[in-house]
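The values are calculated or read from the model by the stated rules, or taken from the named source; none is laboratory data. All values derive from a computational prediction rather than experimental measurement. Methodologically, a virtual Cβ is constructed for each residue, glycine included, from the backbone with ideal geometry; neighbour enumeration extends over all protein chains shown.
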Amino acid sequence: METVPRIRRHEEFESDIAGQSFIDNSTLFKWYTEDHSVSKHLLTMYSIVRGMNAKRILEIGFGRSSKVFARVAHENGGVFTCCDRFDFSYLFSREEQEVTHFVHGNSDKVWDSIREEKDLYDFAFLDHFSGEGISYRFCLREIITCMRKIRPGGIICIHDVADKRYPLHHLAHKLERHPSINALILPYQQGLAILQKSGQRILHHSMEDYGIILKSGIQHRLLKH
Ligand SMILES: C[S@@+](CC[C@H](N)C(=O)[O-])C[C@H]1O[C@@H](n2cnc3c(N)ncnc32)[C@H](O)[C@@H]1O
């Protein structure tokens, strides 16, 4: 028998979302009061994405956050791309599915699909760096790739940047000093980095270019880490 994938505290999650086309404010606040790892970041990201009126929203790593972004996509009149290695599409309501494009597969599948300027995202949430055996280099490559797939002025949030069990805690303070990024690190829970892409530069350079262009700067050190 085929089994469907499940998330943390799955029964409670299914009971929270049952019968809702989009999650309501009570659910949003209920999740805020809970102790799962993104709980204190969901309202923050909801406000950012709603406040910036993002029309193209991306997330790598399905979970409670996906229900938040589906709601904002609906409210903003935008579209939400949600990518996960496991097929969680069954957890979206019919109304959510109308604004959500679920990509079942690795993040590469999303990166490869963005080819033109009109495909660039306004906002992205990267939450796929907490698994076992994930390397610092993989995280860095994903972040740089994502930067190139975001429009100038767009925002990327990255989860797990303050948790010493995961490789990203090495990166957090370096991001704060990056010349093309406005960065804020929220250090509580597992940590959330909020990065705003300030210039055009990243978009036009490959990863190899990075090492060369920024030999004197932070990216060279990032790559050498
Ligand atoms: C920590 S969970 C996401 C939690 C979620 N954002 C939340 O709100 O609770 C990480 C998810 O990322 C997925 N994942 C890990 N590596 C991935 C990759 N390279 N591409 C796509 N999904 C990935 C895993 O299957 C898992 O479901």
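Being without any contact (Cβ under 8 Å) to a residue 60 or more places away in the chain and within 13 Å of the ligand (Cβ to nearest atom) is the filter here, so list the residues in region 168-190 that pass it.
Going through region 168-190, the residues without any contact (Cβ under 8 Å) to a residue 60 or more places away in the chain turn out to be 168-185, 187.
If the condition is that a residue be without any contact (Cβ under 8 Å) to a residue 60 or more places away in the chain and within 13 Å of the ligand (Cβ to nearest atom), then LEU168 is the only one that fits.
Evaluated against (1) within 24 Å of VAL161 (Cα to Cα); (2) more than 12 Å from the ligand (Cβ to nearest atom), ARG71 falls short on exactly one condition, (1).
Here is a list: ARG94, ARG85. Which entry is closer than 24 Å to ARG8 by Cα and within 11 Å of the ligand (Cβ to nearest atom)?
ARG85
Within region 41-87, how many residues are without any contact (Cβ under 8 Å) to a residue 60 or more places away in the chain, surrounded by 24 or more Cβ atoms within 10 Å (Cβ to Cβ) and among the charged types (D, E, K, R)? The number of residues fulfilling the criteria is 2. Checking LYS67, LYS40 one by one, the residue that is among the charged types (D, E, K, R) and within 21 Å of GLN196 (Cα to Cα) is LYS40 and no other. Being under 24 Å from GLN189 (Cα atoms), at pLDDT below 95 and within 16 Å of the ligand (Cβ to nearest atom) is a property that SER65 lacks. Can you name every residue in region 1-39 that is in a helix (DSSP H, G or I) and within 12 Å of the ligand (Cβ to nearest atom)? Matches in region 1-39: HIS10, PHE13, TRP31, SER39. For region 97-140, residues that are within 11 Å of the ligand (Cβ to nearest atom), more than 23 Å from HIS36 (Cα to Cα) and among the charged types (D, E, K, R) total 2. Only a single item in (1) of a type outside the set (A, V, I, L, M, F, W, C); (2) more than 16 Å from ILE158 (Cβ to Cβ); (3) surrounded by fewer than 22 Cβ atoms within 10 Å (Cβ to Cβ) is not met by SER37, and it is number (2). Looking across SER198, SER135, SER113, one residue alone is polar (S, T, N, Q) and either surrounded by 15 or more Cβ atoms within 10 Å (Cβ to Cβ) or modelled with pLDDT under 90 (or both). It is SER198.
Against the criterion of being aromatic (Phe, Trp, Tyr) and surrounded by 14 or more Cβ atoms within 10 Å (Cβ to Cβ), TYR90 does not qualify.
Tally up the residues in region 141-167 that are more than 15 Å from the ligand (Cβ to nearest atom) and either in contact with a Cys (Cβ under 8 Å, 6 or more places away or on another chain) or small (Gly, Ala, Ser) (or both), please.
The initial filter retains those residues of region 141-167 that are more than 15 Å from the ligand (Cβ to nearest atom), namely 147-148, 150-155, 164.
When the remaining residues are screened for being either in contact with a Cys (Cβ under 8 Å, 6 or more places away or on another chain) or small (Gly, Ala, Ser) (or both), the result is 153-154.
Result for region 141-167: 2.
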